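This report concerns only the one structure given below.
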Amino acid sequence: MGGLTVMRALKARLPGESFVYLGDTARLPYGTKSADTVTRYAVQASAALMQHDIKLLVVACNTASAAAVPALIATLAPLPVVGVIEPGAQAAVAAAPDGPIAVIATEGTVKGGAYVRAIQAVAPHMPVVQQACPLFVALAEEGLRDGPIAELAAQRYLNPLLATMPRPRALVLGCTHFPVLKDTIAQVAGADVVLVDSAETTAAAVERILQDSKLLNSQGARPARFLATDAPGRFAHLGEIFLGEPIDPGAVTLVDL
């Protein structure tokens, strides 16, 4: 579901492009699964998307980006494959070049250390602190993006993280669900902390790749197509929270991976 925040950013930045989106609703969440399992799921999902004559693949999940992007690049070459972690890491370093940088993500992304590696690949001595925020995923999917419950959860996760010294100057939203809670997270983090939204930074990276490859389409976009591996009606209902616009249930196709 959270990957729809990435699609939302892509649609806003690339209005002439056509999109097909696969939500693996039968096997979510990915954030608590092993890297091997996530990689297997991602390869299966990408094979289903390849049947739609795609010109570029966006891995709109931080956990899958951390685990599966190398396998997808090898499997799908020469098709361009874009994950959400490297663009987010680069944007975080640009926002806070002197650091420190904080990352909030799922348990799997934090344990795997993908953001630490990606950030320090850009800035080798950059201090990075991390916090797993699993409850944010459930809050986003329930539409509890603000109010006392969301605020208490944000305080519980962020206050210890932001109390580290020196205080982090940038906070990476390292899960595609988290932009739904962006206003609450910003309120708790404070105005002196720059929020880095991996959805927006990924959309910018995709635009650059399409331009450099002369694949950018400025007109003629078709209506978005959606694939779901379970409960397409629920996908359409909840998807509006993340996409920011209604999803026609008739536009969601049930697929078996």
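Couple of notes before you dig in:
- None of 173, 139, 144, 152 is in contact (Cβ under 8 Å) with a residue 40 or more places away in the chain, more than 17 Å from residue 90 (Cβ to Cβ) and not hydroxyl-bearing (Ser, Thr, Tyr) except 139.
- Output for the stretch 223-257, where each listed residue is touching a strand residue (DSSP E or B) at 6+ places or on another chain (Cβ under 8 Å), in contact (Cβ under 8 Å) with a residue 60 or more places away in the chain and either in a loop (DSSP other than H, G, I, E, B) or among the hydroxyl-bearing types (Ser, Thr, Tyr) (or both): 224, 229, 230, 255
- Residue within the stretch 151-168 that is farther than 17 Å from residue 129 by Cα and either under 22 Å from the mean Cα position of the chain (by Cα) or not assigned by TED's automatic domain parsing to the domain that holds residue 109 (or both) present: yes
- Residue list for the stretch 67-93, filter: out of contact with any strand residue (DSSP E or B) (no Cβ under 9 Å at 6 or more places or on another chain) and either closer than 22 Å to residue 195 by Cβ or basic (Lys, Arg) (or both): 86, 87, 90
- Wholly enclosed helices (runs of 4 or more DSSP H) of the stretch 55-137 bearing at least 1 residues within 19 Å of residue 176 (Cβ to Cβ), out of contact with any Gly (no Cβ under 7 Å at 6 or more places or on another chain) and modelled with pLDDT of 95 or more: 62-76, 85-95, 114-122
- In the stretch 115-129, the residues that are out of contact with any Ser or Thr (no Cβ under 7 Å at 6 or more places or on another chain) and among the aliphatic types (A, V, I, L, M): 116, 118, 119, 121, 122, 123, 126, 128
The values are calculated or read from the model by the stated rules, or taken from the named source; none is laboratory data. Computed from a prediction, not measured in an experiment: that's the story for all the values here. A quick note on method: Cβ atoms are made from the backbone with ideal geometry, for glycine too, and the neighbour counts reach across all protein chains shown.
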